[in-house]
Amino acid sequence: MQTLPGVNPENPHARRPGLAGWLLLAPMIVWLLLFVVAPMAILLVYSFCSRDDLGRVVFSFTWSNYARVFDPIYLQVLGRSVLYAAITTAICLAAGFPAGWFIARQRAAVRNRLLLLVMIPFWTSFLIRTYAWITILKSEGLLNATLLAARAIPAPLEMLYTPAAVMVGLVYAYLPFMILPVYGSAEKLDNALVDAAHDLGAGPVRAFSEVIIPLTWPGITAGVLLVFVPAIGMFAITDLMGGAKVAMIGNVIQNQFTKARNWPFGAALGIVFTLLFVLTYLALQWRGRRART
């Protein structure tokens, strides 16, 4: 069957963008070229460079920086970073999905107030919120004082500058980034589809796994990407709440560009970090296609 010019045969309601559409997209395209594509290209070039005896960057072609990434020390740091980011993502998903679903099921007035509560942490500086958690978790902090007053512990607990403190900071920082995308998908979900699943004999677990999860998967995917990838590269929380004792890949990259001044190796680590993001995205897309089939 013949289709009209500019009409997508797979989706007749979608039209190819004309000149006006490309003009509207132009600012975003320019922004991506200047602040995403160009920096990544520079990072890629630097990752194949080397340093001379004076520490200056020598533009050459070498794989030594990437070979150094696979040193057992850096692989351990990378593995720790992925593990912490995965645990952070799992906790945020376990807490954020019910919260996003609950908010989406409320009437408009209540929904807006609950969304406001989710957004309130963004009104305060990230560093101030992190220092607030330091005040809460330190030996003389609020949490220890409360537990001592309740006679729940005989002596103050050493919670600050531990892996647990880093996890608390990561979950607190990124939980809203899981709630909001899940809410966006859940808010568009038609309740009639869930009711139809129950009418056809599906129990709560089956309706959740075969109806709710596939239909809210775009929000889950966006939330996982917004939490997992930044959590791997986070260095401020690990420095402040981990006391620089829990090194992650973000800390190593920062040190290479500042203290060690080894820009080629830092660039190689950055490229590897970007590849982790790409692999995560591809894995989520593959899982999404399986969920839809």
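The values are calculated or read from the model by the stated rules, or taken from the named source; none is laboratory data. Worth saying up front: this structure is predicted, and the values here are computed from it rather than measured. Note that we place each Cβ from the backbone using ideal geometry, even for glycine, and neighbour counts take in every protein chain shown.
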Residue ranges of helices (runs of 4 or more DSSP H) in region 196-284 with at least 2 members farther than 30 Å from PHE97 by Cα and touching a Leu at 6+ places or on another chain (Cβ under 7 Å): 249-257
Single condition PHE235 does not satisfy, out of (1) under 15 Å from the mean Cα position of the chain (by Cα); (2) closer than 23 Å to LEU117 by Cα: (2)
Unique residue being touching a Gly at 6+ places or on another chain (Cβ under 6 Å) and touching a residue at least 24 places away in the same chain (Cβ under 8 Å) when the list is TYR161, TYR131, TYR174: TYR161
Cross-chain or 6+ apart pairs with Cβ under 9 Å, region 95-108 first and more than 20 Å from VAL168 (Cα to Cα), then basic (Lys, Arg) and assigned to a helix (DSSP H, G or I): ILE103/ARG111; ALA104/ARG111; ALA104/LYS188; ARG105/ARG111; GLN106/ARG113
One residue from SER209, SER139 being under 30 Å from TRP286 (Cα atoms) and polar (S, T, N, Q): SER209
Failed criterion for VAL272 (all others in (1) surrounded by 15 or more Cβ atoms within 10 Å (Cβ to Cβ); (2) closer than 22 Å to PHE177 by Cα; (3) at pLDDT 85 or above hold): (2)
Selection count, region 215-230, where residues are polar (S, T, N, Q) and either in contact with a Ser or Thr (Cβ under 6 Å, 6 or more places away or on another chain) or not assigned by TED's automatic domain parsing to the domain that holds PRO176 (or both): 1
Positions within region 122-137 being under 19 Å from the mean Cα position of the chain (by Cα) and within 19 Å of ILE179 (Cα to Cα), in sequence order: PHE122, PHE126, ARG129
Residue in region 203-232 that is surrounded by the most Cβ atoms within 10 Å (Cβ to Cβ), counting only those that are among the small types (Gly, Ala, Ser) and more than 14 Å from the chain's Cα centre (by Cα): ALA207
